[in-house]
Amino acid sequence: QVQLVESGGGLVQPGGSLRLSCTSSESIISFYRMAWYRQTPGNQRDPVAIITFNGDTNVATSLEGRFTASRDNAKNTIFLQMNSLKPDDTARYFCHAIKYGRSYWGQGTQVTVSS
């Protein structure tokens, strides 16, 4: 059973930055895909960034230029660098992985952007 643990969330002022981490209990090299999603109360989880098995990354169009996704295979970790944060970025951020056709989610980490 793959376990994903997110960290790095917190309270930040508008214009600030945060870097989220998602560490897997298993090697991420074997994952077909990993991704970051975010969710606000009462709404669906929306994709933020996707990292494919070959390392390609795709960030949601509306977030390009502010958010960057990356991975560190040696640490079994993916990252989400978030810059120029806005109050609208307030959400719970979740890590997701697909391995051998099975889907795994982390518990999420809360990001609150407020002055």
Qualifying positions in segment 26-60 - open to solvent by less than 80 Å² (accessible area, probe 1.4 Å), free of Cβ contacts under 8 Å to residues at least 40 places away in the same chain and not in a strand (DSSP E or B): Gly55, Ala60
Restricting segment 32-62 to residues that are under 18 Å from Met82 (Cα atoms) and of a type in the set (Ser, Thr, Tyr), the residue that is nearest to the chain's Cα centre (by Cα): Tyr37
Residues of segment 63-73 classified as over 15 Å from the mean Cα position of the chain (by Cα) and modelled with pLDDT of 95 or more, total: 1
In segment 1-32, the residues that are at pLDDT below 95 and touching a strand residue (DSSP E or B) at 6+ places or on another chain (Cβ under 9 Å): Gln1, Val2, Glu26, Ile28, Ser30, Phe31, Tyr32
Residue ID - least open to solvent (accessible area, probe 1.4 Å), chosen from residues in segment 78-108 that are in a loop (DSSP other than H, G, I, E, B) and modelled with pLDDT under 95: Gly101
Hits in segment 61-77 (condition: open to solvent by 60 Å² or more (accessible area, probe 1.4 Å) and of a type in the set (Gly, Ala, Ser)): Ser62, Gly65, Ala74
Residues satisfying the stated conditions in segment 77-102, i.e. among the small types (Gly, Ala, Ser) and out of contact with any Ser or Thr (no Cβ under 6 Å at 6 or more places or on another chain): Ser84, Ala97, Gly101
Total residues in segment 1-25, condition open to solvent by less than 50 Å² (accessible area, probe 1.4 Å) and out of contact with any His (no Cβ under 8 Å at 6 or more places or on another chain): 12
Some residue of segment 9-16 being in contact (Cβ under 8 Å) with a residue 24 or more places away in the chain, assigned to a strand (DSSP E or B), aliphatic (A, V, I, L, M) and farther than 14 Å from Lys75 by Cβ: yes
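The values are calculated or read from the model by the stated rules, or taken from the named source; none is laboratory data. Please read these numbers as outputs of a predicted model, since none were measured by experiment. Note that each Cβ is placed from the backbone with ideal geometry, even for glycine, and that neighbours are counted across all protein chains shown. Surface areas here come from the heavy atoms of the whole protein model, side chains and all, with no ligands, DNA or RNA. Shrake-Rupley method; radii C 1.70, N 1.55, O 1.52, S 1.80 Å.
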